[in-house]
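Asker: Mind having a look at this structure? Questions to follow.
The values are calculated or read from the model by the stated rules, or taken from the named source; none is laboratory data. Since the structure is predicted, the reported quantities are computational estimates derived from the model, not experimental observations. In this analysis, Cβ positions are derived from the backbone assuming ideal geometry, glycine residues included, and neighbour counts consider all displayed protein chains.
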Amino acid sequence: MRKGILCVSVLMLAAVMIALPVSADKDSNKFKDCIRIKDGVLLDSSSNLIKLGFDKYGYNYQAHMFYGFYSNNTRPVPPVTEDDTMLMMKWNDAWLSNKSCDSDLLLDRHYGYTSYIGSGAWLTNHMWGTYVGDDGNTYAWTYFVKIVAAPADAHVTGGMWYTADGEEIGPVIWGEFAVIQRVYNDQGTGEHGIEYLSPAGPGFGKYKP
C-alpha cells in the first residue's frame, strides 16, 4: 500500500487545483492588476473561498504548500481526522500561483505560458508514516520526490526527458513534467536512500524560463 499511494499522491494535486491557461505576457507590470487571496474572492477547484493561511484540509495557497493528512489532499467531505500517512507538498508560482491574473477567480497555472513546458514550474512531494510489519513491529517510512516542467527545448525518448544536448533530465510524468529525484527509506524493508537522481542534476534553478 505504501508504494501504491506514492505514485498517485502527486497525481491528486494536479486534479485538485485547475486554472485556465492564459496567453503570454512579458510586460514587467503583468501582475499589477491581478486578484490576490487577500482580496477575498478567489476560489479553489471545489468553489470554496480561499483564505490566507491553512484551510481545514492542509492547503496554504498563499505559501504554496500543503501540510496535513495524505487523505485530505483530495478534499474529502468531511475532512479526514486520522491517517497513518502524512503529506507535505510545496510548489512554485508557475505550478500554481497564489493569485489570478486572468480574472477567472481561480489560481493561475503557468501564467504567461500556453502550457507548463518551459514555464519553470516545480513541485516537491514528501510523505511519511508508519506501518505494522508481519513480525508485529511498527516501522517508519519516508518518500520524497522532485518534479519539474520540461524545458522548452527538451525532447522525449523512451519515456525519458532529455535536454537539447542529449543529457537525461528524468522520467516523463503527466506528459509535460520530469521526475528529477526520488528518495525512499523504509525501516521494515531496509530500503534506504536515492532511488533516482537526474544526471542533469536535482536542482530547480536550471529549469527557470
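Asker: I'm trying to understand the selection: among the residues of segment 192-209, which are in contact with a strand residue (DSSP E or B) (Cβ under 6 Å, 6 or more places away or on another chain), surrounded by 14 or more Cβ atoms within 10 Å (Cβ to Cβ) and part of a loop (DSSP other than H, G, I, E, B)?
Answerer: Once the filter is applied, which keeps residues that are in contact with a strand residue (DSSP E or B) (Cβ under 6 Å, 6 or more places away or on another chain), surrounded by 14 or more Cβ atoms within 10 Å (Cβ to Cβ) and part of a loop (DSSP other than H, G, I, E, B), segment 192-209 yields S198, A200, P202, F204.
Asker: Tell me, yes or no, whether segment 104-116 has at least one residue that is in contact (Cβ under 8 Å) with a residue 60 or more places away in the chain, among the aliphatic types (A, V, I, L, M) and assigned to a loop (DSSP other than H, G, I, E, B). Write out each step before concluding.
Answerer: Taking segment 104-116 as the starting set, the residues that turn out to be in contact (Cβ under 8 Å) with a residue 60 or more places away in the chain are 104-116.
Then keep just the ones that are among the aliphatic types (A, V, I, L, M); that gives 105-107.
From what is left, the residues that are assigned to a loop (DSSP other than H, G, I, E, B) are 105, 107.
Yes.
Asker: Kindly indicate whether any position in segment 4-25 is at pLDDT 80 or above and assigned to a loop (DSSP other than H, G, I, E, B).
Answerer: Here is the first cut: in segment 4-25, the ones at pLDDT 80 or above are none.
The answer is no; no qualifying residue exists.
Asker: Restricting attention to segment 132-146, does a residue exist that is in contact with a helix residue (DSSP H, G or I) (Cβ under 8 Å, 6 or more places away or on another chain) and not in a strand (DSSP E or B)? So that I can check it myself, show each step before the final result.
Answerer: Our first condition is that a residue be in contact with a helix residue (DSSP H, G or I) (Cβ under 8 Å, 6 or more places away or on another chain); within segment 132-146, this holds for 141, 143, 145.
Narrowing further to those that are not in a strand (DSSP E or B): none.
Scanning segment 132-146 turns up no residue that is in contact with a helix residue (DSSP H, G or I) (Cβ under 8 Å, 6 or more places away or on another chain) and not in a strand (DSSP E or B).
Asker: Hey, another quick one. Here is a list: D104, D108, D83. Which entry is surrounded by fewer than 19 Cβ atoms within 10 Å (Cβ to Cβ), closer than 19 Å to V41 by Cβ and not hydrophobic (A, V, I, L, M, F, W, C)? If you could, list the steps in order and put the result at the bottom.
Answerer: Numbers: D108 fails: surrounded by fewer than 19 Cβ atoms within 10 Å (Cβ to Cβ); D83 fails: closer than 19 Å to V41 by Cβ.
Testing whether each residue is surrounded by fewer than 19 Cβ atoms within 10 Å (Cβ to Cβ), closer than 19 Å to V41 by Cβ and not hydrophobic (A, V, I, L, M, F, W, C) leaves just D104.
Asker: In segment 49-65, which residues are more than 21 Å from H110 (Cα to Cα), surrounded by 12 or more Cβ atoms within 10 Å (Cβ to Cβ) and touching a residue at least 12 places away in the same chain (Cβ under 8 Å)? Give the steps one after another, and end with the answer.
Answerer: The initial filter retains those residues of segment 49-65 that are more than 21 Å from H110 (Cα to Cα), namely 49, 51-58.
In the following step, the residues that additionally are surrounded by 12 or more Cβ atoms within 10 Å (Cβ to Cβ) were identified as 49, 51-52, 54-55, 57-58.
Across segment 49-65, the qualifying residues are K51, L52, F54, Y57, G58.
Asker: Filter segment 118-150 for residues that are more than 25 Å from E195 (Cβ to Cβ) and buried (at least 18 other Cβ atoms within 10 Å of the Cβ) and give the result.
Answerer: Taking segment 118-150 and keeping what is more than 25 Å from E195 (Cβ to Cβ), we get 118-119, 136.
G118, S119, listed by residue number.
Asker: What number of residues within segment 166-188 satisfy the criterion of being assigned to a loop (DSSP other than H, G, I, E, B) and farther than 20 Å from W122 by Cα? Outline the logic, then answer.
Answerer: Initial filter on segment 166-188 (assigned to a loop (DSSP other than H, G, I, E, B)): 166-167, 174-176, 187-188.
Then drop every residue that is not farther than 20 Å from W122 by Cα, which leaves 166, 187-188.
So the answer is 3.
Asker: Spot the failing condition for G120; the list is (1) touching a Lys or Arg at 6+ places or on another chain (Cβ under 6 Å); (2) more than 21 Å from Y207 (Cα to Cα), and only one is missed.
Answerer: Every listed condition holds for G120 apart from (2).
Asker: While we're here: Taking N98 and the conditions (1) touching a residue at least 60 places away in the same chain (Cβ under 8 Å); (2) within 18 Å of N125 (Cβ to Cβ), which numbered condition does it fall short on, given that it satisfies the others?
Answerer: Only one criterion is unmet by N98, namely (2).
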